[in-house]
Every structure is written in structure tokens, then in C-alpha cells.
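All remarks here apply to the structure that follows.
The values are calculated or read from the model by the stated rules, or taken from the named source; none is laboratory data. It should be emphasised that the depicted structure is a prediction, and the values quoted were computed from it without experimental measurement. All Cβ positions, glycine included, derive from the backbone under ideal geometry; neighbour counts span all protein chains shown.
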């Protein structure tokens with residue numbers, strides 16, 4: 001059985017021309033545990049937020065390591081671990097075109113509308 | 001074409017817009033960051049060794065628990081930084097390989113031995129103090145993942161320095177033997193600590209470009225001076241002295257003057273001839289080699305589990 005794996009790095013997930021750096025040919029690096037992105041909910045009611053990444057053999061180990069690496073001072077009440085290769089990111093080179101449709105729609109913001117001062121609570 | 005990208009990049013830097021891993025960056029910027037961040041990570045990991053030496057011999061349970069937590073923090077700092085370096089396209093294993101083969105450098109300070117308990121106090125106060133002085137400006141470094149890692153490091157580092165100072169404060173109020181043990185530790189660590197800021201500005205080959213790219217924000221000499229000014233005052237609280245006969249307040253400059261640094265010693269230690277270089281690297285290599293079967297076993301277990309899951313699903 002043979003299979004080919006690309007190595008993906010945090011922040012380097014692109015599929016297009018900026019594809020993941022492939023250094024898997026370099027001997028021992030092939031056996032490196034995969035990389036996981038760690039997200040922490042700092043308290044109930046807040047979103048999980050990306051805090052960094054780490055290596056682990058599987059999801060259970062990723063969560064345990066995340067506890068030790070990222071929550072030594074009660075920084076979290078919940079941990080998500082996602083293998084980095086499953087994260088898809090937009091391409092910064094295309095940011096201009098990607099966000100362009102939102103650029104000229106100032107009327108989406110409440111401050112666009114000029115109302116008389118007498119109008120309260122709006 | 002290249003020039004345009006470069007100009008666009010520099011413009012972002014000048015406008016204080018952070019650079020993220022997928023953004024275009026000059027190859028030299030990437031290489032400089034990989035070197036600096038990985039050296040920094042190696043320093044955190046090697047830095048666990050001199051202090052780890054005293055965990056079993058800490059004088060009380062309180063001190064032992066604190067030292068354990070501190071050394072665990074250093075491991076964490078190393079891991080944050082390795083992750084930040086990995087975003088630049090170098091693998092963890094490659095960085096380890098560079099460290100183990102001696103190609104990568106780490107902070108010269110960790111090649112000095114920890115001879116007495118007072119050394120643990122001095123490491124916290126002076127070594128971590130110098131590290132904080134270096135690290136606080138790095139929280140605004142132009143490379144996003146590095147800056148974010150440094151924010152976390154700096155938040156945690158403050159406890160390290162304070163616990164060190166507290167150890168020395170306790171010793172300063174102790175017996176004559178305890179006081180002289182503390183003074184001896186200060187005498188041994190002072191010069192290596194101020195060498196931690198790196199070569200003098202006119203001999204620091206990487207600084208100018210790093211400042212332009214806002215990887216660094218202050219020069220080695222500026223940070224060293226700041227550290228000396230602060231520390232020369234703090235030592236008075238302890239009632240000890242710093243081993244520099246030329247240390248004097250210079251009213252005109254608004255800074256302390258200090259004696260000549262033995263740069264020959266600095267370069268010797270960097271080049272591998274410090275008192276503990278060999279011992280430190282061997283400890284890291286041994287840990288890596290003897291952990292090999294654990295890493296392999298965990299990978300094998302995952303492969304087996306995945307295979308079983310696939311079979312069940314099919």
C-alpha cells in the first residue's frame with residue numbers, strides 16, 4: 001500500500017498555486033505526528049477562538065496536549081482540535097476581488113441614514 | 001515584478017499591518033524569521049535543563065511546585081514558538097534536527113551551570129528579566145504568528161521573574177551563608193545575563209534589516225541599557241551588589257555607565273565552548289532518541305485505529 005501525503009502548515013492550507021509546502025520527502029519528517037489547530041472557548045457564552053497549533057498522534061492526544069499547552073492558567077472551558085489539513089482558507093492574493101462586493105454598500109450601515117434629531121430610540 | 005511585491009510588502013510593514021503566513025514575503029524575511037523564532041524556541045526548551053536540575057532539590061514543597069510550574073511554562077513557550085515557525089514552512093523535525101546537529105543556535109546563557117539554589121533565584125530575576133526586556137517589543141513584531149505567540153509568552157513570563165526575585169529576597173534576609181550564596185550567584189550570572197541581548201549594535205549583522213522589517217523594534221544596546229538601568233536599582237532592594245566596578249549613574253546621559261563586556265567569552269559560548277554546551281545538547285538528543293519508540297507507537301496505534309474504523313464503516 002502506498003499513499004502520498006502533503007504536509008500542511010497552519011496558515012498554509014491553499015489548494016491553488018500557493019499549495020501546501022510539501023516537505024514529506026525528507027526522511028524522518030514523514031513520521032512526524034500531524035499538526036492540529038486548537039480553538040479554545042474561554043468561558044461559557046463565548047465563541048471558540050483560534051489559539052495556535054500543536055502536533056499529536058490523534059484527536060484525543062491533541063486535546064490533552066492542548067490542555068497542557070494552552071490552558072495552564074484556566075484560559076478555557078472547552079477545546080476544539082481540528083487537523084490542520086482539513087482547514088480551507090481564502091487566498092490573501094484574491095482578497096481585493098473577494099471582498100469587493102461589500103466595499104460600495106455603505107447603505108448597509110445604520111450611520112448611512114440621516115434622521116432628524118427629534119427621532120429618539122432608533 | 002519582484003520589486004513591486006517588495007515595495008508593497010514594505011509599505012504594509014510601514015503602515016503597521018501585520019504579515020500573515022500566506023502573504024507574500026521576501027525570502028530573506030522568511031529565513032530571518034525562521035532563524036530567529038526557532039532559536040528562540042530552542043532557547044526555551046534548552047532553558048528547562050539548568051532549572052530542571054534543581055526541581056528535586058528545591059528547599060520546600062512550595063518552591064518545588066513553583067519551579068515545576070515555571071519549567072512547564074518554558075516547555076509551553078517552546079511549543080508556541082515552534083508552531084509559529086512552522087507557519088513559515090519549516091517542519092518541527094527539521095528544527096529539532098538543526099538543534100541536535102548543532103547547526104541552530106540557542107541563547108548562550110543556558111550553557112552556564114546552576115551550582116546552587118540561589119542560581120534559581122538569579123535565573124528568574126536576571127535571565128528572565130533580560131528575556132522579558134527582549135520579548136515585550138516582540139509582541140509588536142511584524143509577523144502575526146510570532147507576535148501572537150509572544151503576547152502569550154510575556155503574560156506568563158512575569159511570574160517567572162517575580163518568583164526569582166522573591167527567592168533572592170528570602171535569601172537576603174537569611175543567614176550569612178545564604179547571603180553569600182546569593183551574592184556568589186549574582187556575580188556568576190550578571191555578565192552572561194547582559195550578554196543575552198546579543199552583540200553590540202555595530203557588530204550585530206542581522207539587526208539593521210530586522211529593524212527595517214519591524215521584526216525587532218529596539219537595538220541590542222538600547223535594550224541592554226534599559227535592563228542595566230532597571231536592575232541596578234532593583235539590586236539595592238536586595239542589599240546585594242552587581243559585580244561591575246564601573247557601574248555608575250551618569251547624570252548627563254540619564255543612564256548607568258557600565259564596564260566592558262567580555263565579548264570573547266560570548267562568542268566562545270555561542271560557538272559551542274561554554275561550560276555546559278555539550279551536556280545540554282546531549283540531554284536533548286538523548287530525550288529525542290529515547291522517545292523515538294513512544295512516537296512510533298502512538299503513530300502505529302492511530303494507524304491501527306483508523307484502519308479498524310474504515311473496516312467497520314465498509
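Take the residues in segment B:11-35 that are exposed (fewer than 15 other Cβ atoms within 10 Å of the Cβ) and over 16 Å from residue B:140 (Cα atoms); name whichever of them is nearest to the chain's Cα centre (by Cα). Filtering first and then ranking leaves B:31. Among the conditions (1) surrounded by 22 or more Cβ atoms within 10 Å (Cβ to Cβ); (2) free of Cβ contacts under 8 Å to residues at least 24 places away in the same chain; (3) over 30 Å from residue B:27 (Cα atoms), residue B:150 misses just one, which is (3).
The set of residues in segment B:153-171 being more than 14 Å from every other protein chain (Cβ to nearest Cβ) and either surrounded by fewer than 19 Cβ atoms within 10 Å (Cβ to Cβ) or touching a strand residue (DSSP E or B) at 6+ places or on another chain (Cβ under 7 Å) (or both) consists of B:162, B:166, B:169, B:170. Total residues in segment B:82-96 satisfying the condition of being closer than 15 Å to residue A:52 by Cα and more than 7 Å from chain A (Cβ to nearest Cβ): the figure is 4. Every listed requirement among (1) under 30 Å from residue B:18 (Cβ atoms); (2) touching a helix residue (DSSP H, G or I) at 6+ places or on another chain (Cβ under 8 Å) is met by residue B:242 save one, (1).
Against the definition (in contact with a helix residue (DSSP H, G or I) (Cβ under 8 Å, 6 or more places away or on another chain) and either within 14 Å of chain A (Cβ to nearest Cβ) or crowded, with 19+ Cβ neighbours inside 10 Å (or both)), how does residue B:124 come out, yes or no? Spell out the reasoning first.
Numbers: in contact with a helix residue (DSSP H, G or I) (Cβ under 8 Å, 6 or more places away or on another chain): yes; either within 14 Å of chain A (Cβ to nearest Cβ) or crowded, with 19+ Cβ neighbours inside 10 Å (or both): yes.
Here the answer is yes, as residue B:124 does meet what is asked.
Those strands (runs of 3 or more DSSP E) of segment A:9-122 in which 2 or more residues are at pLDDT below 90 are absent. Cβ separations smaller than 6 Å between residues 6+ apart or across chains give the following pairs from segment A:45-71 residues that are more than 9 Å from chain B (Cβ to nearest Cβ) to residues that are assigned to a loop (DSSP other than H, G, I, E, B): A:62/A:56.
Can you tell which of B:52, B:47 is closer than 27 Å to residue A:62 by Cα, more than 13 Å from chain A (Cβ to nearest Cβ) and surrounded by fewer than 21 Cβ atoms within 10 Å (Cβ to Cβ)? Walk me through it before giving the result.
Details: B:47 fails: surrounded by fewer than 21 Cβ atoms within 10 Å (Cβ to Cβ).
The match here is B:52.
Of all the numbered requirements in (1) over 20 Å from residue B:129 (Cα atoms); (2) under 14 Å from the mean Cα position of the chain (by Cα), residue B:85 misses one, and that requirement is (2). For segment B:124-140, the count of residues that are more than 24 Å from residue B:235 (Cα to Cα), assigned to a helix (DSSP H, G or I) and touching a strand residue (DSSP E or B) at 6+ places or on another chain (Cβ under 8 Å) is zero.
Kindly indicate whether residue B:72 is out of contact with any helix residue (DSSP H, G or I) (no Cβ under 6 Å at 6 or more places or on another chain) and within 17 Å of residue B:145 (Cβ to Cβ).
On the way: out of contact with any helix residue (DSSP H, G or I) (no Cβ under 6 Å at 6 or more places or on another chain): yes; within 17 Å of residue B:145 (Cβ to Cβ): no.
No.
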